[in-house]
């Protein structure tokens, strides 16, 4: 149960808007930077629920970055006829 009196109210909305804007522009690494700021803010506020949401979003974004890097590297290693280039 959350003790409402001890619960620290923190406004995360501006940073979440920045995350959304970065994602819409196709800038996942920028989104992660804003998620890092959100995470630090939530840790300082001891806001476990917000931390859970932030970390879940951060994990998904990091996975997409790795997937995109892998696809880029794969496409760079294929020749125009579909064979691997050494």
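What follows draws every value from the coordinates through simple rules; no lab data is involved. Every value quoted in this text rests on a predicted model; they were computed, and no experiment measured them.
Extension gain for residue 69-residue 20 works out to 15.6 nm (0.36 nm per residue, less the C-alpha to C-alpha distance).
Evaluate Rg over Rh across the stretch 14-67, taking Cα atoms for both radii and Kirkwood's formula for Rh. If you can, show how the numbers build up before the last one.
Values: Rg = 10.7 Å, Rh = 11.0 Å.
In the stretch 14-67, Rg relative to Rh is 0.97.
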